[in-house]
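Undergrad: Provided herewith is a single structure, encoded as structure tokens, for subsequent inquiry.
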Amino acid sequence: MISNQILQNTIEGLKSIARVEFCVMDTDGKEVASTTDNMSAGGREAAEFARSPADSQEIQGQQYFKIFDEQQLEYVLIAAGAGEDSYMVGKMAAFQVQNLLIAYKERFDKDNFIKNLLLDNLLLIDIYSRAKKLHIQADVNRVVMIIETDNVRDSNVLEIMRTYFGSGGKDFVTAVDESNVIVVKDLSEGDSAREIEKAAAGIESFLRKEALEGVRIAYGTVVGEIKEVSRSYKEAKMALDVGKIFFNERDIIAYSELGIGRLIYQLPIPLCKMFIREIFGGKSPDDFDEETLVTINKFFENSLNVSETSRQLFIHRNTLVYRLDKLQKSTGLDLRVFEDAITFRIALMVVKYMNYMESFEY
């Protein structure tokens, strides 16, 4: 349904052009929008006109027009002005409001369709039939982006993003909850992975200029059929969650970049605890001192290269070897051995995942 504010802006714009006063009322004669206070008294006449068979009528020197939405009477428009021009201008104004109703109804229908498409609430046959009816191409490459900010309950974020993408494009901007905004981006012009990353960076920059904080953007893989849009949405949701756990230093994350974190995220917590007990016994990587953790992370960053790690840590090679030997004695894992290093790396990620999930339980 079109908002009262949009109706108000429309008739005020028409008044500034035609120098005619307007008032829009509902079928019960209640004022919806008006350019003057002098016309609100015509509610009784508007209600009677709404029940009459006429589509237009002059009452007490004012022109009354009916505005329909698919054969259903929606509004009564009153135009007040001198001479015959008031009838012609009023007729044009009624036509303008009628077209606004059609445009906003189509926008609402498209938004409703995209929401149900994302949430997998449509049968396959309904997806294609409704897409055709709404003039949405079915076989175009698309990717779903999820945008989250610290202003989670600020509804302006959705409107800001709709303004950013505009109303005439092929991209769809919607929301299925209060937490984030969803963009179904059209890639019919052959946007590459680099272009998608660039588009995400552009959105982030725009939102920061709008003084929004904590902007995080995640996106799924490119899909070629409209029926697969929900899959890209689920991937984007996972990328957003997994990104917070294992890539919290990044503001933009793609599903394809999640790596092993994607698998760990799907493990049940009891299985994770069992794995940690088997690897570390009664200990946990959280129990290691800061020096040991820094050494381990730097060793992994340098692909298990002892010389380069010792250089970056500004310590002697033998000091690093001593630390690794000490770690081996306490855990039974030698990080210089690839298999042990992989096991240890996964264990660190599992602990990070467990800590993140357990933080929501309190």
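Undergrad: I'd like the carbon and sulfur percentage of the solvent accessible area for the chain, probe radius 1.4 Å, heavy atoms only, ligands and nucleic acids excluded.
TA: Reported share for carbon and sulfur atoms: 49 percent.
Undergrad: Something else now. Shape verdict for the stretch 153-199, please, from the Cα gyration tensor: rounded (a/c under 1.5), prolate (a/b greater than b/c) or oblate.
TA: Here the stretch 153-199 falls in the prolate category.
Undergrad: Continuing with this model, one more query. Which of the following values of log10 I(q)/I(0) by the Debye sum over Cα atoms at q = 0.08, 0.10, 0.13 Å⁻¹ was calculated from the structure shown: (i) -0.62, -0.81, -1.08; (ii) -0.39, -0.61, -1.06; (iii) -0.56, -0.81, -1.15?
TA: Of the listed options (i) -0.62, -0.81, -1.08; (ii) -0.39, -0.61, -1.06; (iii) -0.56, -0.81, -1.15, (i) comes from this structure.
Undergrad: Right, another one. Taking a ≥ b ≥ c as the square roots of the Cα gyration tensor eigenvalues, with a/c under 1.5 meaning rounded and otherwise prolate when a/b beats b/c, else oblate, which class fits the stretch 110-159?
TA: It comes out prolate by the Cα gyration axes.
Undergrad: In degrees, nearest 10, range 0 to 90: what is the angle between the Cα axis of helix 338-358 and the longest Cα principal axis of the chain?
TA: Between the helix axis and the principal axis of the chain, the angle is about 40 degrees.
Undergrad: To the nearest 0.05, how large is the calculated FRET efficiency for Asp111 and Arg19 if R₀ is 22 Å and r is the Cβ-Cβ distance?
TA: My answer for the efficiency is 0.05.
Undergrad: Label-point separation (nm) for Arg311 and Tyr164, each offset 7 Å from Cα along Cα-to-Cβ?
TA: Computed distance between label sites Arg311 and Tyr164 equals 4.1 nm.
Undergrad: May I pose another question? Calculate the spin-label point distance for Ser188 paired with Leu123, positioning each point 7 Å from the Cα along the beta-carbon direction, and give it in nanometres.
TA: Using points 7 Å along Cα→Cβ, the separation is 2.8 nm.
Undergrad: From the cross-link list Lys185/Lys237; Lys133/Lys198; Lys133/Lys227; Lys105/Lys198; Lys110/Lys198, which pairs have alpha carbons spaced over 24 Å apart?
TA: Lys133/Lys198; Lys105/Lys198; Lys110/Lys198
Undergrad: Let a ≥ b ≥ c be the square roots of the eigenvalues of the Cα gyration tensor of the stretch 181-263; is it rounded (a/c under 1.5), or, if not, prolate (a/b larger than b/c) or oblate?
TA: Taking the square roots of the gyration eigenvalues as a ≥ b ≥ c, the stretch 181-263 is oblate.
Undergrad: At 7 Å along the Cα-to-beta-carbon direction for both Gln266 and Lys283, put a label point, then send me their distance in nm to one decimal.
TA: Label-label distance for Gln266 and Lys283, simple model: 3.2 nm.
Undergrad: Moving to a separate point now. Roughly how far apart, in whole Å, are the Cα centres of the stretch 272-303 and the stretch 205-261?
TA: 28
Undergrad: For the chain, the longest stretch holding no GluC sites (Glu not before Pro) located in a DSSP loop with at most 16 other Cβ atoms within 10 Å is which?
TA: 250-362
Undergrad: Give the Rg (one decimal place) followed by the Dmax (whole number) of the stretch 1-45, computed from C-alpha coordinates and expressed in Å.
TA: In order Rg, Dmax, the Cα atoms of the stretch 1-45 give 10.4, 29 Å.
Undergrad: Skip the ligands, DNA and RNA, and give the accessible area per residue of the chain with a 1.4 Å probe, whole Å².
TA: 56
Undergrad: Further, regarding this structure: Can you return the lysines within cross-link range of Lys15? Criterion is Cα-Cα under 22 Å, with same-chain partners fewer than 8 residues away left out.
TA: Lys30, Lys66, Lys91
Undergrad: I need the chymotrypsin sites (Phe, Trp or Tyr not before Pro) found in the stretch 58-90, filtered to DSSP loop residues with at most 14 other beta carbons within 10 Å of theirs.
TA: Answer in residue order: no site qualifies.
Undergrad: Further question: Which FRET efficiency, nearest 0.05, do Asp28 and Glu339 yield, Cβ-Cβ r, R0 56 Å?
TA: My answer for the efficiency is 0.15.
Undergrad: What FRET efficiency comes out for Lys244 versus Gln96 if R0 is 45 angstrom and r is the Cβ-Cβ distance? Round to the nearest 0.05.
TA: FRET efficiency, Lys244 to Gln96: 0.45.
Undergrad: Further question on the same structure: Run the numbers for Arg44 and Gln60: contour at 0.36 nm per residue of separation, minus the present Cα-Cα distance, in nm.
TA: Additional length available on full extension: 4.5 nm.
The values are calculated or read from the model by the stated rules, or taken from the named source; none is laboratory data. Remember, it's a predicted structure, so these values are computed and weren't measured experimentally. Note that each Cβ is placed from the backbone with ideal geometry, even for glycine, and that neighbours are counted across all protein chains shown. Keep in mind that these areas ignore ligands, DNA and RNA; they rest on the heavy atoms of the full protein, side chains included. Shrake-Rupley method; radii C 1.70, N 1.55, O 1.52, S 1.80 Å.
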